[in-house]
């Protein structure tokens, strides 16, 4: 987690749709991890075990992280797969509805669990005091379902009307080899054997000026100094 945050902290960020999904993944992963620390404490676990707090924790760690990461990858690699870019405006609408819906659905479950609502119960009494928070959670669940509509419309609209991508890397900063060939790739992937001299071969290909100025920027692996060279420098 801190590696991801450190990479973003020292990076030049642009908030296209895949980046929003990546940040949503990090936020969800963080909240799920923090609730896991609470559950790992025996006094707290004794109080909240088999309550809705466990349901909230599991959905943050499993459902939330998987869904946000999946959609981030989907939006990022869709042009490589189909040769067409998904609509950015619809993609961001999809992200924000799902993000708000997810947090509304599962965040309040932490308080339901703390108040003692057990999981796997089909019903509860009005006098239990769970009605308001469950109603809020239900509204969030409807938003989760609603978020699929702009996504499905985006896929349909892109497939039918979006222009064909004419460059290998429509994002402009792809690092790995799939961005060194056309969108979509030909059956044989590459017309010639790609040159791989660093961890970022596609970035090296499309941005040679950056590599010339600062080789480390493209992920180039620098040889480690020899033992006798290190000792000579120390002397």
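Things worth noting here:
- When Rg and the Kirkwood Rh are both derived from Cα coordinates, the Rg/Rh ratio for the stretch 77-172 amounts to 1.23.
- Pairwise label distance in nanometres, residue 27 with residue 173, each label 7 Å out on the Cα-Cβ vector: 1.9 nm
- Gaussian network model of the chain, Cα within-10 Å springs - most flexible of 160, 92, 80: 160
- When each of the peptides 19-28, 82-91, 51-60 is scored by how many other beta carbons lie within 10 Å of its residues on average, the order from highest to lowest is 51-60, 19-28, 82-91.
- Here the label points at residue 50 and residue 192, each 7 Å from Cα along the C-beta direction, are separated by 6.8 nm in the simple model.
- The chain, relative contact order in percent, only Cα pairs under 8 angstrom and at least six apart counted: 19 percent
- Radius of gyration and maximum dimension Dmax of the stretch 19-65, Cα, Å: 11.6, 39
- Burial ranking of peptide ranges 40-50, 108-118, 175-185 (average Cβ count within 10 Å, highest at the top): 108-118, 175-185, 40-50
- Convex hull volume per residue, computed on the Cα atoms of the stretch 2-161, equals 123 Å³.
- A convex hull fitted to the Cα coordinates of the stretch 66-112 yields 57 cubic angstrom per residue.
- Segment residue 34-residue 182, length gained on full extension (0.36 nm per residue, minus Cα span): 49.1 nm
- Computed E for residue 134/residue 81 - FRET, C-beta separation, R0 45 angstrom, nearest 0.05: 0.65
- Per-residue ellipticity at 222 nm, computed for the chain from helices alone with -39500 (n - 2.57) per DSSP H run of at least four residues, works out to -19000 deg cm²/dmol.
- The simple Förster model, with R0 at 35 Å and r as the Cβ-Cβ distance, assigns residue 161 and residue 121 a FRET efficiency of 0.15.
Each reported figure results from applying straightforward, stated rules to the coordinates on display, with no laboratory input. These numbers come from a predicted model, not from an experiment. In this analysis, Cβ positions are derived from the backbone assuming ideal geometry, glycine residues included, and neighbour counts consider all displayed protein chains.
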